Amino acid sequence: MLARRKSHKNWSVPEIDKQRREIDRSGKRTWTGKSTLHHMISKVVLDAILEDLNLALQSRNTDLKEAARKFSSKITEVARAAGLPRSIDRAKQLWNIPFNLVAGPGLVSNNPGEGFDASYRSVVDKDQVRRFVETDVSRHLRAVERYYREDGARPRAAAA
């Protein structure tokens, strides 16, 4: 996903938040009230990913350790492209990956909590009926989270 996105122009939390405020001012939103930024993959899951990443970086398994090092490097690359300060810790880098953030309603009646918070866009089909479909980025992030939550996807056993 990262390799396909050549332009990092809008990859900053301030830019995403600016877009969120513009949506609020324009009134072009599908919810009432003010918006806020939502994490599609929750902070709780991102923290668990970070915990496993740290374990993998300490692993005796050289393949696992190298994969973790490459992943860690990509996190830093995305954080820098997003304009996050160099001093920011890895947890905040993960929490602020711009393509995981999306503007949404400030009050969520069905808050997913630790679950996945998908992003949708409005489309009009051939019969002029408006419906919502999950965005491509959201589908990719959902697959990452689903894979991560499945048994065997987490490196805990191999990290020792």
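The values are calculated or read from the model by the stated rules, or taken from the named source; none is laboratory data. Since we're looking at a predicted model, the values are computed, not measured. Note that we place each Cβ from the backbone using ideal geometry, even for glycine, and neighbour counts take in every protein chain shown.
What the table shows:
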quantity: Options 133, 123; residue that is within 21 Å of residue 42 (Cα to Cα), surrounded by fewer than 14 Cβ atoms within 10 Å (Cβ to Cβ) and of a type in the set (A, V, I, L, M); calculated: 133
quantity: The lone exception for residue 92 - which of (1) closer than 26 Å to residue 21 by Cβ; (2) modelled with pLDDT under 85 it fails; calculated: (2)
quantity: Top-ranked residue of the stretch 136-160 - restricted to ones that are among the aliphatic types (A, V, I, L, M) and modelled with pLDDT under 75, ranked as surrounded by the most Cβ atoms within 10 Å (Cβ to Cβ); calculated: 159
quantity: Contacts under 7 angstrom Cβ, first residue in the stretch 32-53 being without any contact (Cβ under 8 Å) to a residue 60 or more places away in the chain, partner crowded, with 18+ Cβ neighbours inside 10 Å and of a type outside the set (Gly, Ala, Ser), 6 or more apart; calculated: 43/95; 46/94; 46/95; 50/94
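Table: residues versus (1) of a type in the set (A, V, I, L, M); (2) over 30 Å from residue 131 (Cβ atoms); (3) touching a Ser or Thr at 6+ places or on another chain (Cβ under 8 Å); (4) surrounded by 14 or more Cβ atoms within 10 Å (Cβ to Cβ).
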| position | (1), (2), (3), (4) |
| --- | --- |
| 34 | no, no, no, no |
| 39 | no, no, no, yes |
| 58 | no, yes, no, no |
| 61 | no, yes, no, yes |
